[in-house]
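The values are calculated or read from the model by the stated rules, or taken from the named source; none is laboratory data. Please read these numbers as outputs of a predicted model, since none were measured by experiment. Neighbour counts are summed over all protein chains in view; Cβ atoms, including those assigned to glycine, are modelled from backbone coordinates with ideal geometry. Just so you know, the surface numbers come from the protein's heavy atoms only, side chains and all, with ligands and any DNA or RNA stripped out. Shrake-Rupley method; radii C 1.70, N 1.55, O 1.52, S 1.80 Å.
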Amino acid sequence: MSKVSLSTLTKLKANGEKFAVLTAYDATFAQLISQAGIEVLLVGDSLGMVVQGRASTVPVTMSDMVYHVQSVSLGNQGSMVMADLPYMSYATTETALSNSAKLMQAGANMVKLEGGEWLTDTLYRLSERGIPVCAHIGLTPQSVDKIGGYHVQGRQQEDAAKLVKDALALQQAGADILLMECIPSTLAAEISKQLTIPTIGIGAGPDTDAQVLVLHDMLGIATDYAPKFVKNFLAETNSVQEAIKNYSEAVKAGTFPGPEHCYQN
Ligand code: KIV
């Protein structure tokens, strides 16, 4: 696979072709996942839960993220590396700029941050400075204590309208990709249709331009409860490589997620 860039993803969206995203936290898995043809490796702050054993992503620090981004970029074989800005690391535009620079220098090709319209000033500045950004809306795990749990978002008409408004404002402010987590499929489809930038979904139905899963969920090795949107791809094969390849192919063929993985209004 030739090196995946932002323009690769934009072209895939323009051609109506789907792409796959999977989390990676170390060099060995980064190599396996990129060799399987997954376009984007997400060094997610989910590492707080699946690698560090924490109860949420809140305790993850910038130095944790830098360490894992370095490891992933050493194993990567041509995928794009997207890295989460952890909790409070982008609370001001200035910290967003300096912390994004640290992740980019560690080997990321794009940063990801959680939030809606309030992020627009930060997005303008990052974009102006040439830092590619993915904005994450819907269920935003860094705000779990405010939201009160990992619940589906955007079911009420007013909340859905707010998410559409957020998505348009984030695109306008310079977001290069939008990630939507745990929202009804019809809402995610509507937002994807309205945006020109690629969209990635997790628990957001089949009509986004790409899908992402947490590696440990997709291999069925996460220890606690698996949300409805998760499929264990290792259950159908006895090879980790094959499971990752099957996930990539299912996303691109549009056969994952199925109706059983989706939320309705
Ligand atoms: O941290 C992460 O892995 C994520 C995904 C769940 C989208 O943000």
> Can you tell me which of Ala169, Ala106 is at negative phi and either surrounded by fewer than 19 Cβ atoms within 10 Å (Cβ to Cβ) or within 17 Å of the chain's Cα centre (by Cα) (or both)?
Replying inline: Ala169
> Identify, please: which residue in segment 46-88 is open to solvent by 10 Å² or more (accessible area, probe 1.4 Å) and small (Gly, Ala, Ser) and is, among those, nearest to the ligand (Cβ to nearest atom)?
Replying inline: Ser46
>> Name the single residue that is surrounded by the most Cβ atoms within 10 Å (Cβ to Cβ) among those in segment 246-255 being touching a helix residue (DSSP H, G or I) at 6+ places or on another chain (Cβ under 9 Å) and of a type outside the set (Val, Ile, Thr).
In response: Tyr247
>> Consider segment 111-152. How many of its residues are buried (at least 16 other Cβ atoms within 10 Å of the Cβ) and within 13 Å of the ligand (Cβ to nearest atom)?
In response: 15
>> Looking for something under 29 Å from Glu190 (Cβ atoms) and in a helix (DSSP H, G or I) - is there at least one such residue anywhere in segment 227-234?
In response: yes
> Quick check: is even one residue across segment 217-230 open to solvent by less than 30 Å² (accessible area, probe 1.4 Å), within 16 Å of the ligand (Cβ to nearest atom) and either at positive phi or hydroxyl-bearing (Ser, Thr, Tyr) (or both)?
Replying inline: no
> Which ranges mark the helices (runs of 4 or more DSSP H) fully within segment 1-107 that have 2 or more residues being farther than 21 Å from Thr199 by Cβ and not polar (S, T, N, Q)?
Replying inline: 27-35, 47-50, 62-75, 93-106
>> Considering only residues that are among the charged types (D, E, K, R) and closer than 23 Å to Gly254 by Cα, which ones fall in segment 19-44?
In response: Glu39
> How many residues does segment 153-197 hold that are within 14 Å of the ligand (Cβ to nearest atom) and either assigned to a loop (DSSP other than H, G, I, E, B) or free of Cβ contacts under 8 Å to residues at least 60 places away in the same chain (or both)?
Replying inline: 7
> Among all residue pairs at least 6 apart or on different chains, which show Cβ distances below 6 Å where the first residue, located in segment 246-265, is closer than 13 Å to Asn232 by Cβ and the second is assigned to a helix (DSSP H, G or I)?
Replying inline: Asn246/Phe233; Tyr247/Met218; Tyr247/Phe233; Phe256/Ala250
